[in-house]
């Protein structure tokens, strides 16, 4: 077996990246990400991409500074399906936590779907603790283009940053 080590750079996602992020969701999702890039330009959020030397995003997600006073709230976190369980999520979240600290905040929060135990396990390994739950919903687009409302329950988790 040969081990390959690849350096990842976590940087701001830019509009030119969107065509290469189709793996992260439907066209409707990418429209939502484009709106988040507008919010990033206004300083309300950071929207990040983890990229290997090719420069193509293999993980994306945002940090909302307006949702919870005194905290950065991680959202829309996604790692390319073919690269999950390779440590990319850990690197991405650690970089996001550094962005939160750079804003002078010392708490990170997120919501994880109850139907996603793998993600919750990752967050717990990284020190996040459940503190509540809430329903969430958003529009989703099927492969045939139809749009429906997706409803789910989230476990709310938080972590005090050093």
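Can you name every residue in region 130-162 that is touching a helix residue (DSSP H, G or I) at 6+ places or on another chain (Cβ under 9 Å), modelled with pLDDT of 95 or more and assigned to a strand (DSSP E or B)? Reasoning before the result, please.
So in region 130-162, the residues touching a helix residue (DSSP H, G or I) at 6+ places or on another chain (Cβ under 9 Å) come out as 130, 138-141, 145, 147, 155, 157, 159, 161-162.
Imposing the further condition that a residue be modelled with pLDDT of 95 or more reduces the set to 130, 155, 157, 159, 161.
Hits for region 130-162 are 130, 155, 157, 159.
Only a single item in (1) at pLDDT 95 or above; (2) loosely packed, with under 14 Cβ neighbours inside 10 Å is not met by residue 65, and it is number (2). Restricting attention to region 85-106, the residues that are surrounded by 13 or more Cβ atoms within 10 Å (Cβ to Cβ) and free of Cβ contacts under 8 Å to residues at least 24 places away in the same chain add up to 1. Of 30, 74, 56, 48, all but one fail to be touching a helix residue (DSSP H, G or I) at 6+ places or on another chain (Cβ under 8 Å) and part of a loop (DSSP other than H, G, I, E, B); the exception is 56. For region 21-40, a tally of residues being within 19 Å of residue 82 (Cα to Cα), touching a strand residue (DSSP E or B) at 6+ places or on another chain (Cβ under 7 Å) and modelled with pLDDT of 95 or more returns 2.
Here are 13, 18: which of them is surrounded by 11 or more Cβ atoms within 10 Å (Cβ to Cβ), under 15 Å from the mean Cα position of the chain (by Cα), more than 15 Å from residue 83 (Cβ to Cβ) and in contact (Cβ under 8 Å) with a residue 40 or more places away in the chain? I'd like the intermediate steps shown before the answer.
Working: 18 fails: in contact (Cβ under 8 Å) with a residue 40 or more places away in the chain.
One residue alone meets the criteria, 13.
Only residues that are surrounded by 15 or more Cβ atoms within 10 Å (Cβ to Cβ) and either at pLDDT below 95 or out of contact with any helix residue (DSSP H, G or I) (no Cβ under 9 Å at 6 or more places or on another chain) (or both) were counted across region 107-123, and they come to 3.
Here residue 119 passes the criteria (1) within 18 Å of the chain's Cα centre (by Cα); (2) part of a strand (DSSP E or B) except the one numbered (2). Filtered by the rule that a residue be more than 11 Å from residue 111 (Cα to Cα) and either surrounded by 14 or more Cβ atoms within 10 Å (Cβ to Cβ) or touching a strand residue (DSSP E or B) at 6+ places or on another chain (Cβ under 9 Å) (or both), region 130-144 gives 137, 138, 139, 140, 141, 142.
Just to be sure I understand, how many residues within region 98-116 are closer than 16 Å to residue 158 by Cα and assigned to a helix (DSSP H, G or I)?
Step one: list which residues in region 98-116 are closer than 16 Å to residue 158 by Cα, which gives 98-101, 105-114.
Now drop any that are not assigned to a helix (DSSP H, G or I), which leaves 98-101.
The qualifying residues number 4.
The values are calculated or read from the model by the stated rules, or taken from the named source; none is laboratory data. Note that this is a predicted model, so its numbers are computed, not measured. So basically every Cβ, Gly included, is an ideal-geometry build from the backbone, and we count neighbours across all protein chains shown.
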